[in-house]
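The structure appears below as structure tokens.
The values are calculated or read from the model by the stated rules, or taken from the named source; none is laboratory data. None of these values were measured; they are calculated from a predicted model. With ideal geometry, Cβ positions are generated from the backbone for all residues, glycine too; neighbour counts draw on all protein chains shown. Calculation scope for accessible area: heavy atoms of the full protein, side chains included, ligands and nucleic acids excluded. Shrake-Rupley method; radii C 1.70, N 1.55, O 1.52, S 1.80 Å.
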Amino acid sequence: ATGHQAWGDPENNPWTTGYQLAYSSEALLWGAWIEANTEPGVVVAGLVMDNDFGLAYEQAFQAFADNSDHIDEFVIVRHDPAAATLTNEVTTLAASNPDVFISMTAGNPCVLAIQEDGRSGITETAQAFFTPSVCKSIAAYMAPAGDDADGWYIIGGGIKDTTDPAWADDVYISWANETLAEYGGDASISLQGEGFANRGLIWDNMFQIAAELPGGINRTNIMLAQRGMSVFTHPALLDGIGFGMDGNADAYFIEGSDISQFDNANQTWVKQGGVIDLSGKSPNCAWVAGEGC
């Protein structure tokens, strides 16, 4: 259930894969948006979770910034993953007067980052502020952040949030929510919807493929089914987002995304322009803990 580059390493770790949008692709799309929508000389502030998760984002975006004539400075402040507050970290970043703020964190710190940005004034002065794809869930992250959530951008990974009213009439999402309710799930919890409609669908397909291979459903055939799933139209993803791997050559299922902005009044993500598909363009990574690729 990750887009971390460490899971894109079929040579050294052939038995594990990630699933969602590769964080390296997400960082590339942050940079591409900045270059397309701001004037040169941009100061970017990054709030980074101080572990290998945050490092994945930080390293990939730093590489983009180092090769960009558009970004003048990338200011980083790291935070303890278990921090109860992010006031000091966000206040420090606010002092850099960033043109763009990027939250490179996960879980409850996503909510804290949005709220602290509001208190610090960053959202009043910055041209754009991004929350990470892992915090796209409206019910879990955006709604709890309150009014401060309005206007935040996201490289959303192309996944349809089953609680987003924008997808209320979508045939697949409607079926997923009805089926969740039928079997005792809670359709108001977007993480349940994602597990059932998004990831569950893929496991169903992988088991069916593995069952048809010599030897049936076993560890080897499940991995062959995953890495061979190169052509797949995923109904829980936006149209135009590719899904699948290419053996050991392309180790990431999802490499495309929407770019969306949060409408707090209507509690929905509003897609900005078309989708971007980078299938096959995220390089495999032999990750070293604490060091990165």
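Just a few scattered comments:
- Relative to one another, the C-alpha centroids of the stretch 251-269 and the stretch 138-205 are positioned 11 Å apart.
- Expressed as a whole percent, the proportion of Cα-Cα pairs in the chain lying more than 32 Å apart is 25%.
- Exposed loop sites were defined as GluC sites (Glu not before Pro) in DSSP loop states (anything but H, G, I, E or B) carrying at most 13 other C-beta atoms within 10 Å; in the chain the longest segment without such a site runs 12-290.
- Using equal-weight Cα scatterers in the Debye expression, the normalised intensity of the stretch 97-173 in log10 at q = 0.19 Å⁻¹ is -0.77.
- DSSP-defined antiparallel bridges as percent of all bridges, the chain, nearest 5: 40
- Relative to the 2.2 N^0.38 Å rule of thumb, the stretch 152-293 has a C-alpha radius of gyration ratio of 1.17.
- Across the stretch 21-87, C-alpha contacts under 8 Å between residues 6 or more apart give a mean separation that, scaled by the residue count, equals a relative contact order of 42 percent.
- Sorted into 10 angstrom bins from 0, the C-alpha pair distances of the stretch 73-141 split as 21, 58, 20, 0 percent.
- Relative contact order computed over the stretch 98-210 (Cα-Cα under 8 Å; 6+ residues apart), in percent: 21
- In degrees, nearest ten, helix 200-212 long axis to first principal axis of the chain (Cα): 30
- Annotation: amide H of GLN20 within the under-5 Å range of THR2, GLY3, sequence separation 5 or more or interchain, hydrogens built in the peptide plane.
- Once the chymotrypsin sites (Phe, Trp or Tyr not before Pro) in DSSP loops with at most 12 neighbouring Cβ atoms within 10 Å are cut out of the chain, the longest remaining piece is 16-182.
- Surface share of carbon and sulfur [accessible, 1.4 angstrom probe, percent] for the chain: 50
- Its relative contact order, with pairs defined as Cα atoms under 8 Å and 6+ residues apart, puts the chain at 20 percent.
- With protein chains left intact and a 1.4 Å probe, residues in the stretch 1-98 average 43 Å² of accessible area per residue.
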